[in-house]
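What follows is a single structure, written as structure tokens, with notes after it.
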Amino acid sequence: MNMVNCNCGSARFYADCCLLVHQDRQAAITAEQLMRARYTAFTRSLIDFLYDSFHPDSRRYQNKKEIAAWAQENKWMHLEIIQASTTTVEFKAHYLDKQFEPAVHHEKSRFKKDRGIWYYLDGRLLS
Ligand SMILES: [Zn+2]
């Protein structure tokens, strides 16, 4: 089950890639690694991981039902990293919506590191 290519498109096995971050968020050394792990968590409906990886400042605006709905209503096809800096990642998440129409979620996300752990702070939608 884990000897499959990671959903984030890294060309590594899931077991050698995002699974490490899903098991221990400190395994994400860079903001991009956390971003990839969050994308993969959407593909695998790892709702607790998605919730817990929100920075505490923005987590209080989140709820697991909404995260689960967004994760499960769509079929996540692949991730495209456009550019990444130390604290930001611009990406396109390609998916099929509820009607199985191809769609793209294009976002520039901000990340923040606290006590050795990267968190997703917020994101701005791009067109
Ligand atoms: Zn991965």
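The values are calculated or read from the model by the stated rules, or taken from the named source; none is laboratory data. As the structure is a prediction and not an experimental result, all values here were calculated from the model. So basically every Cβ, Gly included, is an ideal-geometry build from the backbone, and we count neighbours across all protein chains shown. For the accessible areas, the whole protein counts, side chains as well, though only heavy atoms, and no ligand, DNA or RNA atoms are used. Shrake-Rupley method; radii C 1.70, N 1.55, O 1.52, S 1.80 Å.
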Can you name every one of the helices (runs of 4 or more DSSP H) wholly within region 1-78 that holds 3 or more residues which are closer than 18 Å to Val89 by Cα and within 13 Å of the chain's Cα centre (by Cα)?
31-43
Taking the conditions exactly as written (open to solvent by less than 30 Å² (accessible area, probe 1.4 Å) and either touching a Leu at 6+ places or on another chain (Cβ under 6 Å) or over 14 Å from Asn7 (Cβ atoms) (or both)), does Ser58 satisfy them or not?
yes
Of those in region 87-109 that are more than 16 Å from the chain's Cα centre (by Cα) and of a type outside the set (A, V, I, L, M, F, W, C), the residue least open to solvent (accessible area, probe 1.4 Å) is Asp97
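Yes/no matrix, rows are residues, columns are (1) in contact with a His (Cβ under 7 Å, 6 or more places away or on another chain); (2) polar (S, T, N, Q); (3) under 19 Å from Ser10 (Cα atoms):
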| residue | (1), (2), (3) |
| --- | --- |
| Ser58 | no, yes, no |
| Glu66 | no, no, no |
| Trp70 | no, no, no |
| Met77 | yes, no, yes |
| Arg115 | no, no, no |
| Arg124 | no, no, no |
Given the conditions (1) touching a residue at least 24 places away in the same chain (Cβ under 8 Å); (2) exposed (fewer than 14 other Cβ atoms within 10 Å of the Cβ), and given that Arg115 satisfies all but one, which numbered condition is not satisfied?
(1)
In this structure, does Tyr39 turn out to be of a type in the set (Phe, Trp, Tyr) and within 11 Å of the ligand (Cβ to nearest atom)?
yes
Quick check on region 30-55: of everything there that is open to solvent by 20 Å² or more (accessible area, probe 1.4 Å) and free of Cβ contacts under 8 Å to residues at least 24 places away in the same chain, which residue is nearest to Leu126 (Cα to Cα)?
Tyr51
